[in-house]
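Colleague: First the structure, then my questions, so here it is.
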């Protein structure tokens, strides 16, 4: 939290972040109900995961000023899994072949 | 042979420690806990990816059979509860402990709503004949969501403890690292769901 700003005033930006997160969640729900599977849809879903996680980490958890080990590890986690989701969506057979126990 | 003694420079405090204790929100122990929990969720995600690669048709059809509204409502509830926690921190820092308690009470309401929605969702699933043995997608779904449900219970316990400490005057505007620790844990639960919801309910 910025020490030059009063807590009451600086907490107002949280309202906007909350609203943004609500809109993105509803967008996800609409995609789930209506959109046919495609690369663009998958990319959008994964992009929304990253943005939502970044908003929570940066604004709700306020980790920007925290130890960089914590901040970057937390961020890396929420980039890694969306990227893995895209890779598995794009190359399911290759992933299955690489991880098959018996031939 | 090295005859290093305890008062030698080797054992002095390093000038630039790897971890600056002032920059660890809450306390170091909670971050060991948070990263342990995230590692546990990571294993669930890896299992999801592997099962998805091996059984693509089940994972394509699975989300269509789930109750999307229940998943969406739980996401909205968890995000809102995270927001309430953040507002509570600002209120306490602004020396308004009663307001902080009110925000945290709303967080607990969010946790309770999550439980009710999840219970109704499971009941709806069972009525539709969807169980853990239905197929691989639903096995992953039940294990992941039930594991997350347990974490909401632990997190709620942490929030209840924070409320009691604020009411007792143990957490103040200047001294509230234990509260920050409980808050970070709650945010971690929200973050895990931010990944779980699209993987299980949206991605096909």
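Derivation of every value follows stated rules applied to the coordinates shown; laboratory data play no part. What you see is a predicted model, and the numbers here were worked out from it, not measured in a lab. Note that we place each Cβ from the backbone using ideal geometry, even for glycine, and neighbour counts take in every protein chain shown.
Colleague: If I model a spin label as a point 7 Å beyond the Cα along the Cα-Cβ vector, how far apart are those points for residue A:79 and residue B:139 in nm?
Modeller: 3.4 nm
Colleague: What does the helix-only formula give at 222 nm for chain B: each DSSP H stretch with n ≥ 4 adding -39500 (n - 2.57), the total divided by the residues, and the result rounded to the nearest 500 deg cm²/dmol?
Modeller: On the way: 6 runs with 147 residues, N = 204.
Computed ellipticity for chain B at 222 nm equals -25500 deg cm²/dmol.
Colleague: Given the options B:82, B:36, B:156, state which has the largest fluctuation in a GNM of chain B using a 10 Å cut-off (strictly under) for Cα springs.
Modeller: B:36
Colleague: To one decimal place, what Kirkwood hydrodynamic radius in Å is obtained for chain A from all pairs of distinct Cα atoms?
Modeller: Numbers: mean 1/r = 0.0618 Å⁻¹.
The answer is 16.2 Å.
Colleague: I want to verify the translational diffusion coefficient of segment B:55-204 in µm²/s; compute it with Stokes-Einstein, Rh as the Kirkwood radius over Cα pairs, at 4 °C and 1.567 mPa s. Before the final figure, lay out each step's value.
Modeller: Working: Rh = 16.3 Å.
Rounded to a whole number, D works out at 80 µm²/s.
Colleague: Hey, another quick one. Working from Cα positions, state the angle (0 to 90°, nearest 10) between the long axis of helix A:68-90 and the longest principal axis of chain A.
Modeller: Value to nearest ten degrees: 30.
Colleague: To continue, here is another question. Taking a ≥ b ≥ c as the square roots of the Cα gyration tensor eigenvalues, with a/c under 1.5 meaning rounded and otherwise prolate when a/b beats b/c, else oblate, which class fits the protein assembly as shown?
Modeller: Details: a/c = 2.03, a/b = 1.37, b/c = 1.49.
The shape class here is oblate.
Colleague: Calculated from DSSP H runs of 4 or more alone, at -39500 (n - 2.57) each and per residue, what is the 222 nm mean residue ellipticity of chain A, nearest 500? List each step's numbers first, then the result.
Modeller: On the way: 5 runs with 74 residues, N = 103.
Dividing the helical sum by the residues of chain A leaves -23500 deg cm²/dmol.
Colleague: Right, next: Round to a whole angstrom and tell me the spacing of the C-alpha centers of segment B:30-91 and segment A:49-86.
Modeller: If we compute the Cα centre of each part, the gap is 14 Å.
Colleague: Hey, any idea what the orientation-averaged projected area of the convex hull of segment B:151-204's Cα atoms comes to, in nm²?
Modeller: Numbers: hull surface 16.2 nm².
Average projection, Cα convex hull of segment B:151-204: 4.0 nm².
Colleague: Turning to a different aspect of this structure: In 10 Å bins starting at zero, report the fraction of Cα pairs in segment A:40-84 per bin as a rounded %.
Modeller: 29, 50, 19, 2
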